[in-house]
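Q: Okay, handing you the structure first.
The values are calculated or read from the model by the stated rules, or taken from the named source; none is laboratory data. All values derive from a computational prediction rather than experimental measurement. Here the Cβ positions follow ideal geometry from the backbone for every residue, glycine too, while neighbour counts run over all protein chains shown.
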Amino acid sequence: MERATVTLPGFAGPDAPQEADLYRCVHCGLCLSACPTYLETGLETESPRGRIALMRAVHEGRIGISNRVVSHWELCLQCRACEAVCPSGVPYGRLMERARAQLARHRRISLRARLLRWLVFRQLLPHRGRLYLAGWLTRMYQRTGLRGLAHGTGALRLLPSWLRDAEAALPDMPRRVFRPGRQAYPPEGVRRARVALLSGCVMPIVQGPTMEAAVRVLQRNGCEVVVPVGQACCGALNLHAGERTVAMKMARRNIEVFLRMGVDKVVVASAGCGSAMKEYRDLLKDDPQYAQRAEELSRMTVDITEFLVSLPLDPPKRELPLRVTYQDPCHLAHAQRIKDAPRQLLRAIPGLDLVEMEGASLCCGAAGTYLLAQRQFSRRLLRSKMEAVAQTGAPVVATANPGCMLQLQAGLAERGIRGRVCHVVELLDEAYRQE
């Protein structure tokens, strides 16, 4: 974690946390039992109401933006579990995004940190071609023996610790990537809907087969599917890191691309992406050119699980005899308030035994780039999650978000649990392909 320096007596500028949001919190404490960082540490300053209290103190000029204050904000997962239980409707996610935008603009950090943020959030995530190139280079590193050589010779020990952590967190890259295209995927049978599918930034490269399964499941349920060329990353990772201006550019590009497709819905297979796109209405509410269109795209955006349930789903005909447990992605369960739909889909698969894990909606520790920026605490949360998984005895862990999939698979490998992690739609696809 980079150390910040006090640069402002309080918040300033158009992206500052809004006073109306800051003072909605009545400090009732109902958020405490839902917050993963508070449950792990027992510290008030690592709770939502504690972090809001710090924001108020900065806003009122009672304290500055110091190293200590920043450390409490940065340990936040932005999982938004607090929002789901807050009786006052405090928009905590919006508050944290704006606080981090202040940090991104005003605090002084090291040259290395500035270069890394510039590379990831401005030169990589907004550019699809560069993302695919990075994915290809990673596959070459893994498949040509370079990774084995780097580990065998001890060359990795020469790297900074943060880079060693990033290398250790690399997933096994699949052979196929998923690419947007100009062709439409025809429905099976009578067309029930025409939908556009967000490909996103991580999933098409790291989980290309999952995206292919999503297309097949939509086709099987009577959907004509288009994956528009020109679409951008949803902007969620940038928003969580405080890179609000770049996230707005991504949102505007997606609005332009998806609204001209003439579709009924924009379907998203990534919980974090869906949450971000549903909140474009808030992100661009002050943009006179895009506010209305942002509202329209937000209304059209649906998670793939809620969409399939709403059709309703054409259930598989053959049994898939698997014991499965389900992990709620934070931005599906808490931000989008979707918990039943994924479970309904899993229970619709004949022969599948769904076993609930304890604390299924507690964060697994992935949280976008959190698993790298706060690696030690991320692993701490993952260990707790793996204990819950092990208690179910299920060899399959289903979820609905790419970051969760990567984190949980790493947890299985670390603990030596023989099993696999997959997206809910992959299990549906597997069941359909048995027919």
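Every residue, every condition in (1) surrounded by 12 or more Cβ atoms within 10 Å (Cβ to Cβ); (2) at pLDDT below 85; (3) under 26 Å from ALA241 (Cα atoms), yes or no:
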site: VAL120; (1), (2), (3): yes, no, yes
site: ARG128; (1), (2), (3): yes, no, yes
site: THR153; (1), (2), (3): no, yes, no
site: PRO160; (1), (2), (3): no, yes, yes
site: ALA166; (1), (2), (3): yes, yes, yes
site: ALA169; (1), (2), (3): yes, yes, yes
site: PRO180; (1), (2), (3): yes, no, no
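Q: One residue is enough: does the range 289-302 have a residue meeting the conditions crowded, with 23+ Cβ neighbours inside 10 Å, within 19 Å of ARG80 (Cβ to Cβ) and either modelled with pLDDT under 95 or among the charged types (D, E, K, R) (or both)?
A: no
Here's the yes/no breakdown for (1) of a type in the set (Gly, Ala, Ser); (2) surrounded by 14 or more Cβ atoms within 10 Å (Cβ to Cβ); (3) within 24 Å of the chain's Cα centre (by Cα):
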{"position": "CYS25", "(1), (2), (3)": "no, yes, no"}
{"position": "THR41", "(1), (2), (3)": "no, yes, yes"}
{"position": "LEU54", "(1), (2), (3)": "no, yes, no"}
{"position": "GLU60", "(1), (2), (3)": "no, no, no"}
{"position": "LEU77", "(1), (2), (3)": "no, yes, yes"}
{"position": "GLN102", "(1), (2), (3)": "no, yes, yes"}
{"position": "ILE109", "(1), (2), (3)": "no, yes, no"}
{"position": "ARG112", "(1), (2), (3)": "no, no, no"}
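Q: Next up: Looking only at the range 136-148, count every residue that is farther than 30 Å from ARG117 by Cβ and part of a helix (DSSP H, G or I) and tell me the total.
A: 1
Q: Scan the range 389-416 residue by residue and report those that are in contact with a helix residue (DSSP H, G or I) (Cβ under 9 Å, 6 or more places away or on another chain), over 17 Å from SER270 (Cβ atoms), touching a residue at least 40 places away in the same chain (Cβ under 8 Å) and in a helix (DSSP H, G or I).
A: Scanning the range 389-416 gives VAL389, ALA410, GLY411.
Q: On the basis of being at pLDDT 95 or above and out of contact with any Ser or Thr (no Cβ under 9 Å at 6 or more places or on another chain), does LEU239 make the cut? Let's see the steps before the verdict.
A: Values: at pLDDT 95 or above: no; out of contact with any Ser or Thr (no Cβ under 9 Å at 6 or more places or on another chain): yes.
Answer is no for this residue.
Q: To continue, here is another question. If you scan the range 347-367, which residues turn out to be in contact with a Leu (Cβ under 7 Å, 6 or more places away or on another chain) and surrounded by 21 or more Cβ atoms within 10 Å (Cβ to Cβ)?
A: If the condition is that a residue be in contact with a Leu (Cβ under 7 Å, 6 or more places away or on another chain) and surrounded by 21 or more Cβ atoms within 10 Å (Cβ to Cβ), then ILE349, LEU352, CYS363, CYS364, GLY365, ALA366, ALA367 are the ones that fit.
Q: Moving on. Test ALA104 against the criterion of being closer than 17 Å to ALA236 by Cα, touching a Pro at 6+ places or on another chain (Cβ under 7 Å) and not in a loop (DSSP other than H, G, I, E, B), and give yes or no.
A: Values: closer than 17 Å to ALA236 by Cα: yes; touching a Pro at 6+ places or on another chain (Cβ under 7 Å): no; not in a loop (DSSP other than H, G, I, E, B): yes.
So ALA104 fails the test.
Q: Could you please find all residues in the range 272-300 being farther than 12 Å from ALA335 by Cβ and among the hydroxyl-bearing types (Ser, Thr, Tyr)?
A: Residues satisfying the conditions are TYR280, TYR290, SER298.
Q: So, one more: What's the total number of residues in the range 308-350 that are touching a Lys or Arg at 6+ places or on another chain (Cβ under 8 Å) and either modelled with pLDDT under 95 or not in a strand (DSSP E or B) (or both)?
A: Within the range 308-350, the subset touching a Lys or Arg at 6+ places or on another chain (Cβ under 8 Å) is 311, 314, 326-328, 330-336, 350.
Pick out the ones that are also either modelled with pLDDT under 95 or not in a strand (DSSP E or B) (or both) and you get 311, 314, 327-328, 330-336, 350.
Result for the range 308-350: 12.
Q: Of the residues that make up the range 269-283, is at least one out of contact with any Leu (no Cβ under 8 Å at 6 or more places or on another chain), of a type in the set (A, V, I, L, M, F, W, C) and at pLDDT 95 or above?
A: no
Q: Let me ask something additional. Considering only the range 351-379, state which residues are over 30 Å from GLN434 (Cβ atoms), aliphatic (A, V, I, L, M) and assigned to a loop (DSSP other than H, G, I, E, B).
A: Passing the criteria: LEU362, ALA366, ALA367.
Q: Can you pull out every residue in the range 279-310 that is within 23 Å of the chain's Cα centre (by Cα), over 24 Å from CYS422 (Cα atoms) and not aliphatic (A, V, I, L, M)?
A: Within the range 279-310, GLU279, TYR280, ARG281, ASP282, LYS285, GLU295, GLU296, SER298, ARG299 qualify.
Q: Pairs only if they're at least six apart or on different chains, beta carbon under 6 angstrom, first in the range 219-234 and free of Cβ contacts under 8 Å to residues at least 40 places away in the same chain, second surrounded by 22 or more Cβ atoms within 10 Å (Cβ to Cβ) and in a loop (DSSP other than H, G, I, E, B); list them, first residue then second.
A: Short answer, once both residue conditions are applied: none.
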